[in-house]
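The values are calculated or read from the model by the stated rules, or taken from the named source; none is laboratory data. This structure is a prediction, so every number in the text was calculated from the model and none was measured. Accessible surface is based on the protein model in full, side chains and every heavy atom, while ligands, DNA and RNA are left aside. Shrake-Rupley method; radii C 1.70, N 1.55, O 1.52, S 1.80 Å.
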Amino acid sequence: MRLHVHQWGSGPRVVLVHGVLLGGREAWRAQRPLTERWTLLAPDRVGHGKSPDGVQDFEVDSELIAEQVLDEPAHLVGLSYGAIVAMLAAARRPEMVRTLTVVEPPAAGIVRGDEVVDAWDAELRRFLDGPLDDPREVFKAFFPLAGVPLPIPDPVPEALRRGARALVGMRPPGDADLPLDALGRSGFSDTRGHRRPPAGVRDHRRRDRGRGRRPPGNRAGDGAFGARHGCAVQ
């Protein structure tokens, strides 16, 4: 299976991994001004954009991105479900990752036992096990769960309809066994050649110290849809 990869700009490579519902072109519209200095690569994960249909699975996506997109050194950025994918892809090819940035990963599996996180994870699983045939009904249930403060568009654009279909059979992000120790040992070099722990590991360490009570990724404008990050469907 070949992923479709959108590419814009020139300069050092930045790989942008989107979350659910929106593909690479729509999810990263707000970042387009960066093309004056950077080459942006935005793959469409399985079931999104121009990539083939298939069941969303973070393991499968991470393997495809590691093999097909991380073929040259790049800065790696992941958003929501795509942040889970990015961490796994980085662990597969750490030598190709200059820096790792993860934005609101729904990494429920790393904080098992937190009652708020466990409740959110259970609610997400109930949603994924329910009927997902009607896109508008899907959004009515999913937007509050993901903290998306947007009205449901009418009519629903085809990009969102395809994103809704891609939720069918999706592997819950809480199932991810994130290799935080391996990522921490690998480190990543920034543009100056320095070594530092990846952002996802730093965030996890801060969460361990504070044991925050908010479910991962669940806040107003969650990156699962991208509203807070200037994403739009046109």
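With no solvent and one equal point scatterer per Cα, compute the Debye intensity ratio I(q)/I(0) for segment 31-74 at 0.22, 0.28, 0.34 Å⁻¹ and report its log10, rounded to two decimals. Normalising to I(0) and taking log10 leaves -0.83, -1.01, -1.17. Per q in 0.11, 0.12 1/Å, what log10 I(q)/I(0) does a Debye calculation on the alpha-carbon atoms of segment 71-199 return? Taking Cα atoms of segment 71-199 as identical point scatterers yields -0.49, -0.57. Computed over segment 65-121, the alpha-carbon pair-distance distribution with 10 angstrom bins reads 25, 44, 21, 10, 0, each value a whole percent.
Considering segment 1-96, its Cα convex hull presents a mean projected area of 5.2 nm².
Leaving ligands, DNA and RNA out of it, rank S62, S186 by accessible area with a 1.4 Å probe, largest first.
Values: S62 0, S186 40 Å².
Highest to lowest solvent-accessible surface, that is S186, S62.
Kindly state, as a whole number, the per residue volume in cubic angstrom of the convex hull around the alpha carbon atoms of segment 1-160. Please list the in-between numbers first.
Details: hull volume 19.4 nm³, N = 160.
Value for segment 1-160: 121 Å³ per residue.
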